[in-house]
Amino acid sequence: MRSTVAAVHELVTRLEPVDNLEGEHRGHVLGWLRRTDDVYRRVKPAEPVKHLVSYVVPVDPADGSVLLVEHRNAGLWLPPGGHVEVDEEPYDTAVRELEEELEVVAKPWAEPLFLTVTETVGLDSGHIDVSLWYVAELHRGHELRPDAGEFHQARWWTPVEIAAADPAHFDPHLGRFLSKLPTSVRGR
């Protein structure tokens, strides 16, 4: 097993699933990582069909708001993030994507909080993103410069706003991710 794939395997092994679905995703991903080293996207949009992604969810610990971006290709409100480059550590992807997509220099938590396996939708639909969800504590007042080529806009969403909105506008796993956030960053 390629050393960087082995490192991802260790990360996924350490994740504690929040529910049965995350447990199923975890088992699926561990098997996939044992069977192949071909886990990095090599050709846009979808070669290989299944590949690694790092999401990084900025959370304001003062009120539990999360920063989401309205993604042009997916047509959804998603966390910032992107594809893990060949032999890149997923944590480094999270740091890089925050800087590239929002011009924010921040340090996410060292380990991902959440794991999902999702078939993509929108303009680049039909491939599978294996996503490691990182958390970055960031205050709402932090200056952002969203990438206009990738996003229509970026905005902070309170937990109440997300609960009141149509879930079809978000990543299908966002609510489950939010339920896994520790109370220390859900707002006081």
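The values are calculated or read from the model by the stated rules, or taken from the named source; none is laboratory data. Note that the structure is a prediction, hence the values are computed from the model and not measured. Ideal geometry is used to build each Cβ from the backbone, glycine not excepted, and the neighbour counts take in all protein chains shown. Ligands, DNA and RNA are excluded from the accessible area calculation, which covers all protein heavy atoms including side chains. Shrake-Rupley method; radii C 1.70, N 1.55, O 1.52, S 1.80 Å.
Distant-in-sequence amide contacts of SER65, defined by a placed amide H-H separation under 5 Å and a gap of 5 or more residues or a different chain, comprise ASP60.
Rounded, prolate or oblate for segment 109-183? Axes are the square roots of the Cα gyration tensor eigenvalues, ordered a ≥ b ≥ c, and the cut-off for rounded is a/c under 1.5.
Rounded, since a/c falls under 1.5.
Within the chain, the longest segment free of exposed loop sites, counting GluC sites (Glu not before Pro) that fall outside DSSP classes H, G, I, E and B and have at most 12 other Cβ atoms within 10 Å, spans 1-102. Sequence-distant contacts, meaning Cα pairs under 8 Å at least 6 residues apart, place the relative contact order of the chain at 28 percent. Within the accessible area of segment 104-188, the carbon and sulfur atoms contribute 56%, probe 1.4 Å, all protein chains present.
Label separation (ARG145 vs LEU30): 4.3 nm, computed from points 7 Å beyond Cα along the C-beta direction.
For segment 51-129, how big is Rg over Rh, using alpha carbon atoms and the Kirkwood form of Rh? Walk me through the intermediate numbers first.
Values: Rg = 12.7 Å, Rh = 13.3 Å.
We get a ratio of 0.95 for segment 51-129.
How much net charge surrounds LEU144 when only other residues with a Cβ under 11 Å from its Cβ are counted (Lys, Arg +1; Asp, Glu -1)?
Working: positive: ARG140, ARG145, ARG155; negative: GLU101, GLU103, GLU143, ASP147.
For residues surrounding LEU144, the net value is -1.
With the alpha-carbon atoms as the only input, what is the per residue convex hull volume for the chain in Å³? Don't skip to the end; give the middle numbers.
Details: hull volume 20.3 nm³, N = 188.
Dividing the Cα hull volume of the chain by its residues yields 108 Å³.
Counting only DSSP beta bridges with both residues in the chain, the antiparallel share comes to about 65 percent.
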